[in-house]
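Novice: First, the structure itself, so that you have it in front of you.
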Amino acid sequence: MKKTIKLVVIIQSLVLLTNIISFEFFINLQIAFLSSFFIIAGSAYAYKKMIKEQVELENRDEKRDILDEIEDPYELYEDIEIDNRPIDELDIKAIVKEEKKKIKILNIKDIKKGSRAGVSLFRVVPYLFLVLGFIALKNNELLDISIYLPSLLVGIVAGYFFAKEL
């Protein structure tokens, strides 16, 4: 964490020095840097928090390997015993009921669980800052895309190092 704080302080010092070049350069760099840094840092923190909560609840589902899911998304090649009795002897209604139980229906509980990190304040506020900062620069005729876009990269890199430290 100390490395990240040092990195952010060094970057902010350099950003403050750009005020010597021009205020327009400084303000574009500052808003772009802070926007992208807060987005990456907030996203990483929100996901880390969500994962910690899930681990504490021991809500670990046994999932198949990612490669296995890609190669066989519908589990067609799974080793499931097949009932080889003649069709006359099979209880079709029971089989249909059993297969219906396997189908997962999207419910509100699953939606809440999946959207918890996506709608976290740690993610929403930085995006709001990004949009409002961009609009403020544009309305005050200070926006310079040739400075703003590369400056986003500086925040992304700093945010990456912050997320790595988490």
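The values are calculated or read from the model by the stated rules, or taken from the named source; none is laboratory data. The structure presented is a predicted model; accordingly, all values stated were derived computationally and were not measured. Every residue, glycine among them, receives a Cβ derived from its backbone with ideal geometry; neighbour counts consider all protein chains shown.
Novice: Can you give me the number of residues within segment 1-29 that are of a type in the set (S, T, N, Q) and in contact (Cβ under 8 Å) with a residue 60 or more places away in the chain?
Specialist: We begin by selecting, within segment 1-29, every residue of a type in the set (S, T, N, Q); these are 4, 12-13, 18-19, 22, 28.
Filter once more, so that each one left must be in contact (Cβ under 8 Å) with a residue 60 or more places away in the chain: 4, 28.
Final tally of qualifying residues: 2.
Novice: So for segment 95-102 (the condition being in a loop (DSSP other than H, G, I, E, B) and either at pLDDT below 70 or surrounded by 10 or more Cβ atoms within 10 Å (Cβ to Cβ) (or both)), does at least one residue qualify?
Specialist: At the first step, the residues of segment 95-102 found to be in a loop (DSSP other than H, G, I, E, B) are none.
Looking for residues that are in a loop (DSSP other than H, G, I, E, B) and either at pLDDT below 70 or surrounded by 10 or more Cβ atoms within 10 Å (Cβ to Cβ) (or both), one finds none in segment 95-102, hence no.
Novice: Looking at segment 129-150, I want the residues that are surrounded by 11 or more Cβ atoms within 10 Å (Cβ to Cβ) and have a partner that is of a type in the set (Asp, Glu) with Cβ atoms under 7 Å, at least 6 apart or on another chain. Which pairs are those?
Specialist: Between residues of segment 129-150 that are surrounded by 11 or more Cβ atoms within 10 Å (Cβ to Cβ) and residues that are of a type in the set (Asp, Glu), the close pairs are Leu142/Glu24; Asp144/Glu24.
Novice: Hey, another quick one. Would you tally the residues in segment 22-49 being of a type outside the set (A, V, I, L, M, F, W, C) and under 13 Å from the mean Cα position of the chain (by Cα)? Explain how you work it out, then say what you get.
Specialist: Step one: list which residues in segment 22-49 are of a type outside the set (A, V, I, L, M, F, W, C), which gives 22, 24, 28, 30, 35-36, 42-43, 45, 47-49.
Checking which are under 13 Å from the mean Cα position of the chain (by Cα) leaves us with 42-43, 45, 47-49.
Looking only at that region, the number is 6.
Novice: What number of residues in segment 11-20 are surrounded by fewer than 16 Cβ atoms within 10 Å (Cβ to Cβ) and within 27 Å of the chain's Cα centre (by Cα)? Walk me through how you get there before you give the answer.
Specialist: Step one: filter segment 11-20 for residues surrounded by fewer than 16 Cβ atoms within 10 Å (Cβ to Cβ), giving 12-14, 16-17, 19-20.
Within this subset, residues satisfying the condition of being within 27 Å of the chain's Cα centre (by Cα) are 12.
Result for segment 11-20: 1.
Novice: For residues that are more than 16 Å from Ile156 (Cβ to Cβ) and either crowded, with 22+ Cβ neighbours inside 10 Å or not charged (D, E, K, R) (or both), tally how many sit in segment 21-46.
Specialist: Within segment 21-46, the subset more than 16 Å from Ile156 (Cβ to Cβ) is 21-27, 46.
In the following step, the residues that additionally are either crowded, with 22+ Cβ neighbours inside 10 Å or not charged (D, E, K, R) (or both) were identified as 21-23, 25-27, 46.
Qualifying residue count, segment 21-46: 7.
Novice: Now, a different point. Quick check, is Lys113 surrounded by fewer than 11 Cβ atoms within 10 Å (Cβ to Cβ) and modelled with pLDDT under 85?
Specialist: No, not satisfied.
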